[in-house]
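S.K.: Quick one: the structure is below, and I'll ask about it shortly.
Any read-out appearing in this document is the output of simple, stated calculations on the displayed coordinates, not a laboratory observation. It should be emphasised that the depicted structure is a prediction, and the values quoted were computed from it without experimental measurement. Counting neighbours? That spans all protein chains shown, and the Cβs are built from the backbone with ideal geometry, glycine included.
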Amino acid sequence: MKWKKPMAAIGALALLAAGACGGSDDGSDTDSERDLDIEGAGLAQDPNVEPPAAEIEGAQSGGTVTVLSALGLNTMHPSEAYYTNTGSILTNLVTRTLTQYRYNPEIEGMELVPDLATDLGRPNEDFTEWTFTLRDGVRYEDGTEVQPEDFVTATEMSFDRTQFPDGAEYSNEYFLNGYDEKGNPLYEGRYTDPNGSCECVEVNGNDITFKMARPFPSMNYWATFPAMSPIPADKSQDPDQYALHPLSTGPYMFDEYEPETSLTLVKNPEWDPNTDPARHQYVDQWNMEFLEDSSALDQVIIEDQGDAQTTLTYDNLLLPDYQKAKQEAPDRIVEGQDPCQFYVYPDTRKITDPKVREAMAWAYPYEDAWLAGGEIVGVTRSPETQIIPRGVDGRVEPPYDVYGNGGRETDPERARQLLEEAGKVGMPLRFLYASDDPPSVDVKDVLVRAWREAGFDPKPVATTVAEFSTLRADPNTPIDYRTGGWCLDWPAWDSWLPPLFQTDQYANYSFFSNKQVDQRIREIQNLPPEEATEAASELEQDIMEQYKPVIPVGKGGVAMMHGSRINGMEVDSVYGLPTWRDIWISQ
Amino acid sequence: MALPPIEADEALHHVDEVPEVAETKVIHGRSPLRIAFERLRHDKVALVSAVVVLFFILVAVFAPLISKAFGVEEGIVENPSDVLDPTTSYGLEGPPFHGFTWDHPLGIAPSTGKDLLAEWLYGARTSLEVAFITAIAATVLGIVIGLLAGFSRGWLDRIISFVIDLFLSFPFILGALSLAPILINRWGQDAEKLDQAQFVSLILILSFFSWMYLARLIRGEVLSLREREFIQAARVIGVPTRRILFRELLPNLIAPIVVSFSLGLPAFVAAEAGLAYLGIGLTERPTWGQTIVDAQPHFEIFPLFLWAPLIGIMVLVIALNLLGDSLRDAFDPKTRR
């Protein structure tokens, strides 16, 4: 999933990331012995949850919640909403989907439950067909009933990479008539190819059947994306118009909306709690203001005066504000996991010797780089040694540590020794940084020192924030390694290993290409889920032990804050954002 | 008309008296420069400002020695994780959470662990380097173009005036904003070259957009001077134009030049910090503007971080401004004290 924070694009530099599990900790963790290892919450599935959603104990109705954020709000067209903030706001409050995530306080984590469908979908044996049954009596905000055909419309829209270039590509990748073996599109989507059809969705009464070109065991997760929410054919002729007011099926609908800058959501009178197993409608109205000043909005929420008591932010607190909030109102900080992990990706075409990559793992200044990047060590950034994160199916258990440094230890002596063994002492190491972003410059300074100390010859290449992601994605940029993060789309192995390690995949910044690995990934994709999970764990460990194509440099975490009258705000660890649907205001 | 006898008599009388005066009080020819410096010597504000400016110049020149004397070094010299508390990211020594220490008199920067005294000293150096080089460049450019425009009549004057107007109307911040990414992408491959490119371009940008004021001033002065007798005389006896410009006109323009130079300095100090604040100034060496950007979010917990560069800029700019004002007063023949 794309990270919303623009600097998150700069990856290991200035992002949020995952962190301490649930709620606030007891504050007195200033000693350096602190355990930086943070437990993640697992993701369960419960197909038997029935509507209406259980009331939250003590929850009161009414009030207006103000949401402040320093980040802009990109497109809200369901077919294209693929940032963490747009996706989370849409699926939690506005657009219902076949399945959904809810926060389960018992496991202090998220679980997958039915939404518009009566269960979590019924796959065929090899996961090339999934059937969902639509509930009766679900209406759009204009009173018309949701038809099974609306999913056909939505699916065909989700294919359209020309109209929606920023949308997620899972329909194209897995569905019938998506990309062929060479990656060329067979069907180009509803707007680009108005006469065509993907022929990948079949409607039979209330049953909707999705047909795949290749096994897609994670279809029930893809079904939670706003891109898979129902869209009526007659209302969606003009996608630009529809993006300004997507029809709501959820508890709230668009009222006033200024793209990028503000959004007001009001109660949707057509939403019937008796059809929805996991959403609440406690709050009367949401006023969301974007592109606010980070430091100012932190202060407003910390001071907690007047309207600020019903205000929240989903941005991470700035480090100095975090310190202040920790002293003044630790119970209003919400810390938790976010779905991102950060890596150093040595360019395996240029740094061919795994020994050199191992030397880089020992030379990398983990904590120094986190500090210089403005991260709250142990909260928004903590050590990680594996690829598939905690709480995701396929996580290697027991934990392994291929470099043996616990994901945080730097040892220049050892790195130099490894370099000497590889005969590469003094090898140049070119890397990108954004010279117009102070934290990026600070991280660069820290890295230069560390690489030099370990016997590399660091050569930082300056660029601008605006150019950074483009240059990083370009395989021909003259640099030797890249840094970046990857956030999960759903908590299963296939959201991690294929994009990171398959040849020519979009998150494969190491340009790692190994026929054997490609072959094994394809084989695992064809296995039933349990076996696949196990095989994926094995594959991950094999890749890391044999080839060492990436160096994990920490996992993310969130530290958000809310006003004193806001209740029910937990961390949605799938998006790394608040559990919007459970929020209520004490009167 | 002839003088009436009585008046003529008196006039004669006066003339008779003149030698007597000459005997008692010798009149020295004093240059305007000398008059000005004498006035300055009695101006307490000017003296104090000059001392302050001199202090900053000494700090800038001897920044490495001073930081050595304090035992501090510029840049990241220790691992941030060794000198910072990872939970707060503030220093394990010195402000804001610990007492004063001679190891780091101004404390150390959160996140990077840079010593703030060293950053401040080297920041002063950057500020003054930029300010002086830019002021000199802008002044030279302004003088040459102003003299040319004022002394040449007709089309050359019109063209130069047009160019002056053109530069005056060009949006400076916009130019600087658009140039920064171009430079970064052109020179980004090599941090050292980038630093030099940024430094040179900063000076070029600042001086290219500030010579016009002096040029206009000088053009105006030259327009009024060139019809005066001494210039006419010089032309009549065939003095070459270059000589007229630099030997006859220029000495008479020393006052506006000195004033414009001295008032330009504080403006450039502030502009350098402002551009650094916008992220389009120097990024590869310490500057006060950059420290201010870094310090801003920490103000509540670690105010000294922000105060140090802020006070540095403020005191330097005030001192330079007051000195400039005093210079202007001293050079202005109409002020009498």
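S.K.: Treat every Asp and Glu Cβ in region A:72-288 as -1 and every Lys and Arg Cβ as +1, leave all other atoms uncharged, and give the resulting dipole magnitude about the Cα centre to the nearest 20 debye.
M.R.: Details: 13 positive and 38 negative charges, 56 e Å.
Computed about the Cα centre, the dipole is about 260 debye.
S.K.: Hey, which of these cross-link pairs are over 31 Å Cα-Cα: A:Lys355/A:Lys555; A:Lys182/A:Lys459; A:Lys211/A:Lys350?
M.R.: Details: A:Lys355/A:Lys555 24 Å; A:Lys182/A:Lys459 37 Å; A:Lys211/A:Lys350 41 Å.
With Cα atoms farther than 31 Å apart: A:Lys182/A:Lys459; A:Lys211/A:Lys350.
S.K.: Listed here are the pairs B:Lys68/B:Lys193; B:Lys44/B:Lys334; A:Lys424/A:Lys515; which of them are more than 22 Å apart at the Cα? It would help to have the intermediate numbers written out before the result.
M.R.: Values: B:Lys68/B:Lys193 27 Å; B:Lys44/B:Lys334 20 Å; A:Lys424/A:Lys515 27 Å.
Correct reply: B:Lys68/B:Lys193; A:Lys424/A:Lys515.
S.K.: Would you mind checking which residues have amide H under 5 Å from A:Gln100's amide H? H placed 1.01 Å from N; only 5 or more apart, or other chain.
M.R.: For A:Gln100, the qualifying residues are A:Val113, A:Asp115.
S.K.: Quick one: A:Glu57, B:Glu93, A:Glu111, A:Glu413, fewest Cβ neighbours within 10 Å first, how do they rank? Don't skip to the end; give the middle numbers.
M.R.: On the way: A:Glu57 6, B:Glu93 16, A:Glu111 19, A:Glu413 11.
Placing the least packed residue first, the sequence is A:Glu57, A:Glu413, B:Glu93, A:Glu111.
S.K.: Counting Lys and Arg as +1 and Asp and Glu as -1, what is the net charge of the other residues whose Cβ lies under 15 Å from the Cβ of A:Glu57?
M.R.: On the way: positive: none; negative: A:Glu55, A:Glu106, A:Glu570, A:Asp582.
Residues near A:Glu57 contribute -4 overall.
S.K.: Calculated from DSSP H runs of 4 or more alone, at -39500 (n - 2.57) each and per residue, what is the 222 nm mean residue ellipticity of the protein assembly as shown, nearest 500?
M.R.: Details: 29 runs with 367 residues, N = 924.
Here the helix-only value at 222 nm equals -12500 deg cm²/dmol.
S.K.: Next question, about the same structure. Could you compute the net charge surrounding B:Val200? Neighbours are other residues with a C-beta less than 14 Å from the C-beta of B:Val200; K and R count +1, D and E count -1.
M.R.: Values: positive: B:Arg186, B:Lys193, B:Arg285; negative: B:Glu129, B:Glu192, B:Asp195, B:Glu272, B:Glu284.
Its environment carries a net charge of -2.
S.K.: Using θ = phi - 60° and the Karplus curve 6.51 cos²θ - 1.76 cosθ + 1.60, what whole-Hz ³J(HN,Hα) does each residue of region A:100-112 get, with Gly and Pro shown as x?
M.R.: 8, 9, 9, 8, 9, x, 5, 9, 6, x, 8, 9, 8
S.K.: A further question on this structure: Kindly give the semi-axes, whole Å and largest first, of the ellipsoid equivalent to the protein assembly as shown, taking each as the square root of 5 times a Cα gyration tensor eigenvalue. Please report the intermediate quantities before stating the final value.
M.R.: Working: eigenvalues 879, 200, 153 Å².
Semi-axes (√(5λ), whole Å): 66, 32, 28.
S.K.: Moving on. Taking region B:129-254 on its own, what percent of its Cα-Cα pair distances exceed 27 Å? Working shown, then result.
M.R.: On the way: 2649 of 7875 pairs.
It works out to 34 percent of all Cα pairs.
S.K.: According to the square roots a ≥ b ≥ c of the eigenvalues of the Cα gyration tensor, what is the shape class of region A:311-409, taking rounded for a/c under 1.5, prolate for a/b larger than b/c otherwise, and oblate for the remainder? Write down the numbers at each step before the final one.
M.R.: On the way: a/c = 2.63, a/b = 1.85, b/c = 1.42.
Cα axes put region A:311-409 in the prolate bin.
S.K.: For A:Lys324, B:Lys193, B:Lys334, A:Lys555, which order do you get if you count the other beta carbons within 10 Å of each Cβ and list the fewest first?
M.R.: B:Lys334, B:Lys193, A:Lys324, A:Lys555
S.K.: Assuming 1.567 mPa s and 4 °C, estimate D for region A:232-383 with Stokes-Einstein, Rh taken as the Kirkwood radius over Cα pairs, in µm²/s.
M.R.: Numbers: Rh = 20.1 Å.
My calculation gives 65 µm²/s for D.
S.K.: Right, something else. Mind checking the mean number of beta-carbon atoms from other chains within 10 Å of the Cβ atoms in B:65-78? Each step should come with its number before you reach the end.
M.R.: Values: counts 0, 0, 0, 0, 0, 0, 0, 0, 0, 0, 3, 8, 1, 2.
That average works out to 1.
S.K.: OK, next. Kindly state, as a whole number, the per residue volume in cubic angstrom of the convex hull around the alpha carbon atoms of region A:72-288.
M.R.: Details: hull volume 27.4 nm³, N = 217.
Looking at region A:72-288, the number lands at 126 Å³ per residue.
S.K.: Looking at chain B as a GNM with Cα springs under 10 Å, which of B:Ala233, B:Ala149, B:Ala60 has the largest mean-square fluctuation?
M.R.: B:Ala233
S.K.: May I pose another question? List B:Leu58, A:Leu186 from most exposed to least, where exposure is judged by having the fewest other Cβ atoms within 10 Å. Walk me through the numbers on the way to the answer.
M.R.: Values: B:Leu58 12, A:Leu186 17.
Ascending Cβ contact count within 10 Å gives the list B:Leu58, A:Leu186.
S.K.: Could you tell me how many degrees, from 0 to 90 and to the nearest 10, lie between the Cα long axis of helix B:172-187 and the main elongation axis, the longest principal axis, of the Cα atoms of chain B?
M.R.: 50 degrees
S.K.: Cβ neighbours within 10 Å, averaged per peptide: list B:158-170, B:276-288, A:367-379, A:189-201 in order, most packed at the top. Spell out each step's value before the answer.
M.R.: Values: B:158-170: 13.3, B:276-288: 22.0, A:367-379: 27.5, A:189-201: 17.3.
Averaged packing, sorted descending, gives the order A:367-379, B:276-288, A:189-201, B:158-170.
S.K.: Karplus couplings for region A:399-404 from phi (6.51 cos²θ - 1.76 cosθ + 1.60, θ = phi - 60°), rounded to Hz, Gly and Pro as x?
M.R.: Values per residue, Gly and Pro as x: x, 10, 9, 5, 8, x Hz.
S.K.: For helix B:5-24, what angle does its Cα long axis make with the longest principal axis of chain B, in degrees from 0 to 90 and rounded to 10?
M.R.: 40 degrees
S.K.: Would you work out the relative contact order for chain B, in percent, from Cα pairs under 8 angstrom that are 6 or more residues apart?
M.R.: Details: 393 pairs, mean separation 77.3, N = 337.
That works out to 23 percent.
S.K.: Taking only Cα atoms, what is the 0 to 90° angle, nearest 10, from helix B:155-169's long axis to the longest principal axis of chain B?
M.R.: The angle comes out near 30 degrees.
S.K.: Let me ask something else about it. Projected area of region A:99-210, taken from the Cα convex hull and averaged over every viewing direction, in nm²? Working shown, then result.
M.R.: On the way: hull surface 37.9 nm².
Across all orientations, region A:99-210 yields a mean hull projection of 9.5 nm².
S.K.: Average partner chain C-beta neighbours within 10 Å, per residue of A:451-463?
M.R.: 3
S.K.: Also, quick follow-up: In terms of modelled amide H atoms, which long-range or inter-chain residues lie less than 5 Å from the amide H of A:Gly554?
M.R.: Here the answer is A:Phe342, A:Glu384, since their amide H atoms fall under 5 Å of that of A:Gly554.
S.K.: Which aspartates and glutamates does A:Lys235 reach when only Cα atoms under 16 Å apart count, and residues fewer than 8 places away in its own chain are ignored?
M.R.: Output for A:Lys235: A:Glu141, A:Asp142, A:Glu145, A:Glu149, A:Asp150, A:Glu156.
S.K.: Over all directions, average the projected area of the Cα convex hull of chain B and note it in nm². If you can, show how the numbers build up before the last one.
M.R.: On the way: hull surface 105.9 nm².
Average of the hull's projected areas for chain B equals 26.5 nm².
S.K.: Sticking with this one: Residue by residue through A:368-375, how many Cβ atoms from other chains fall within 10 Å of the Cβ on average? Working shown, then result.
M.R.: Details: counts 11, 2, 5, 12, 10, 1, 6, 3.
Partner Cβ neighbours, averaged per residue: 6.
S.K.: Now for a different question. What list of ³J(HN,Hα) values in whole Hz, one per residue of region B:314-326 in order, does the Karplus curve 6.51 cos²θ - 1.76 cosθ + 1.60 (θ = phi - 60°) give from phi, with Gly and Pro shown as x?
M.R.: 4, 4, 4, 5, 5, 4, 5, 5, 5, 4, x, 4, 4
S.K.: What is the set of long-range amide H partners of A:Arg482 at a cut-off below 5 Å, with H atoms built 1.01 Å from backbone N?
M.R.: A:Tyr345, A:Asp347
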